[in-house]
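Visitor: Submitted below is the structure of interest, expressed as structure tokens.
The values are calculated or read from the model by the stated rules, or taken from the named source; none is laboratory data. Note that the structure is a prediction, hence the values are computed from the model and not measured. A quick note on method: Cβ atoms are made from the backbone with ideal geometry, for glycine too, and the neighbour counts reach across all protein chains shown.
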Amino acid sequence: MSFSSLGLSESLLRAIGDSGYNTPTPIQQQAIPVVLAGRDLLAAAQTGTGKTAGFTLPILQRLADKATGGRRPVRALILTPTRELAAQVADSVSKYGMHQMPKLKSDVVFGGVKINPQMMRLRGGVDILTATPGRLLDLVAQNALKLNQVEILVLDEADRMLDMGFIRDINKILALLPNKRQNLLFSATFSADIRKLAQDILFKPVQIEIAAENAAADTVEQIAYTVSKTQKTALLTHLIKSNDWQQVLVFTSTKHGANRLSEKLNASQINAKAIHGNKSQGARTSALAEFKTGVIQVLVATDVAARGIDIAKLPHVVNYELPCSSADYVHRIGRTGRAGLGGLAVSLVCSEENSALRQVEKLIGNKIAQGRIADFEAK
């Protein structure tokens with residue numbers, strides 16, 4: 001199947017070609033026609049399946065087909081759980097809409113940066129707005145924008161928004177929207193909470209489920225090393241240097257742990273930076289940009305900060321510590337092995353984490369291969 005067979009306009013097909021894509025992914029094949037038809041959608045797809053293009057492309061086409069003149073009200077609202085994901089989605093909107101005439105105006109707003117410049121930008125109106133829930137409500141409270149003409153609502157990574165406690169904010173936002181609108185809900189899993197949310201906001205939705213719940217992509221090679229807690233940093237350093245890994249995303253459980261690990265790696269002549277919730281948005285954006293371009297070799301991140309990191313060809317993900325939630329393991333390793341490319345996910349497991357490892361294996365339905373390096377084996 002080709003993108004042209006999905007009913008997309010020439011300007012969108014040109015932008016897709018510019019981005020180097022030829023064949024739509026399964027989520028794109030199924031979601032794009034549904035969104036173009038104006039139907040509500042409930043979609044489950046793991047990270048790296050191309051879901052962002054699955055909704056941004058048809059939204060751009062639907063809004064362009066009936067462009068409005070004069071002042072631009074918000075016509076499409078895309079809610080995301082984190083700043084990083086908001087920025088990624090907004091980039092997709094800009095990239096795919098670049099050849100459309102007349103151009104649709106898009107913007108992104110999130111917390112962690114000053115609100116005044118965002119208010120100034122929104123004064124001129126915007127067709128497609130990507131936002132995190134808290135900052136959006138702040139802007140509404142400041143009369144910087146109204147949401148009474150929204151035609152399409154997207155909840156992206158809705159499961160993570162619920163996990164992060166955004167349900168109250170979401171309900172406040174829903175109360176500001178017109179009753180008649182198209183609703184698109186994307187989630188990694190169809191949990192009971194997601195199904196309840198879907199029931200409350202979706203009207204006769206088409207349901208798409210691309211991957212089995214909590215399945216790890218089969219393009220990702222997974223390996224676990226048993227190691228004492230005190231040897232983890234030395235083992236990570238050894239793996240990076242001996243294998244000449246040039247781009248490594250490392251997950252830690254805490255913000256302080258991320259800072260400490262990045263300092264130790266730098267002391268071992270491995271260029272590393274940490275990103276987490278205590279870092280300013282500018283520092284996080286800068287670190288991510290440097291990681292993508294290869295200026296820094298290792299990005300050490302907590303789960304919340306890493307949500308929405310989208311790097312097309314990320315080769316290595318390391319769980320320095322296993323996450324509390326087994327589902328988060330799947331989200332973490334889903335950063336690699338994307339778009340059919342191979343990837344390696346390494347977990348450093350100390351004795352206290354053996355039960356967490358068993359829970360992960362139970363969830364993904366597979367035993368994770370055990371790695372052995374003599375000098376680092378736990379005694």
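Here is a yes/no grid of residues against (1) under 26 Å from residue 98 (Cβ atoms); (2) in contact (Cβ under 8 Å) with a residue 12 or more places away in the chain; (3) among the aromatic types (Phe, Trp, Tyr):
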| position | (1), (2), (3) |
| --- | --- |
| 116 | no, no, no |
| 120 | yes, no, no |
| 129 | yes, yes, no |
| 133 | no, yes, no |
| 146 | no, yes, no |
| 161 | no, yes, no |
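Visitor: Being within 22 Å of residue 55 (Cα to Cα), at pLDDT below 95 and outside the structural domain of residue 283 (by TED's automatic domain parsing) is true for just one of 131, 144, 87. Which residue is that?
Guide: Just a single option satisfies the conditions, and that option is 87.
Visitor: Another question, if that's okay. Residue under question is residue 314, and the condition is that it be out of contact with any helix residue (DSSP H, G or I) (no Cβ under 9 Å at 6 or more places or on another chain), at pLDDT below 90 and of a type outside the set (S, T, N, Q); does it hold?
Guide: no
Visitor: Does residue 57 satisfy the criteria of being at pLDDT 95 or above, surrounded by 15 or more Cβ atoms within 10 Å (Cβ to Cβ), closer than 17 Å to residue 157 by Cβ and under 20 Å from the mean Cα position of the chain (by Cα)?
Guide: Here the answer is no, as residue 57 does not meet what is asked.
Visitor: Hey, another quick one. Got at least one residue in the stretch 99-109 being under 30 Å from residue 208 (Cβ atoms) and under 17 Å from the mean Cα position of the chain (by Cα)?
Guide: Yes, there is a match, as at least one residue in the stretch 99-109 is under 30 Å from residue 208 (Cβ atoms) and under 17 Å from the mean Cα position of the chain (by Cα).
Visitor: Restricting the search to the stretch 137-180, which residues are buried (at least 18 other Cβ atoms within 10 Å of the Cβ) and either in a strand (DSSP E or B) or of a type in the set (Lys, Arg) (or both)?
Guide: Scanning the stretch 137-180 gives 152, 153, 154, 155, 160.
Visitor: Just checking, how many residues over the stretch 60-76 are out of contact with any strand residue (DSSP E or B) (no Cβ under 6 Å at 6 or more places or on another chain), within 23 Å of residue 121 (Cβ to Cβ) and either among the polar types (S, T, N, Q) or modelled with pLDDT of 95 or more (or both)?
Guide: Selection size over the stretch 60-76: 3.
Visitor: Moving to a separate point now. Restricted to the stretch 204-213, and to residues that are under 30 Å from residue 368 (Cα atoms) and surrounded by fewer than 18 Cβ atoms within 10 Å (Cβ to Cβ), which residue is modelled with the highest pLDDT?
Guide: Only one residue fits best here, namely 209.
Visitor: Return yes or no: is residue 201 on the phi < 0 side of the Ramachandran plot, surrounded by 19 or more Cβ atoms within 10 Å (Cβ to Cβ), of a type in the set (Val, Ile, Thr) and touching a Lys or Arg at 6+ places or on another chain (Cβ under 9 Å)?
Guide: no
Visitor: If only one of 38, 50 is touching a residue at least 40 places away in the same chain (Cβ under 8 Å) and under 20 Å from the mean Cα position of the chain (by Cα), which one is it?
Guide: Among 38, 50, only 50 is touching a residue at least 40 places away in the same chain (Cβ under 8 Å) and under 20 Å from the mean Cα position of the chain (by Cα).
Visitor: Right, another one. Determine the pairs where a residue that is of a type in the set (Asp, Glu), located within the stretch 355-369, has a partner that is assigned to a loop (DSSP other than H, G, I, E, B) with Cβ atoms under 9 Å apart, the partner being 6 or more residues away or on another chain.
Guide: Cβ pairs passing all conditions: 361/367; 361/368.
Visitor: Just to be sure I understand, how many residues within the stretch 10-58 are among the acidic types (Asp, Glu) and under 22 Å from residue 80 (Cα atoms)?
Guide: Within the stretch 10-58, residues that are among the acidic types (Asp, Glu) and under 22 Å from residue 80 (Cα atoms) number 1.
Visitor: Let me ask something additional. How many residues does the stretch 260-296 hold that are farther than 18 Å from residue 315 by Cα and touching a residue at least 40 places away in the same chain (Cβ under 8 Å)?
Guide: Matching residues across the stretch 260-296 total 6.
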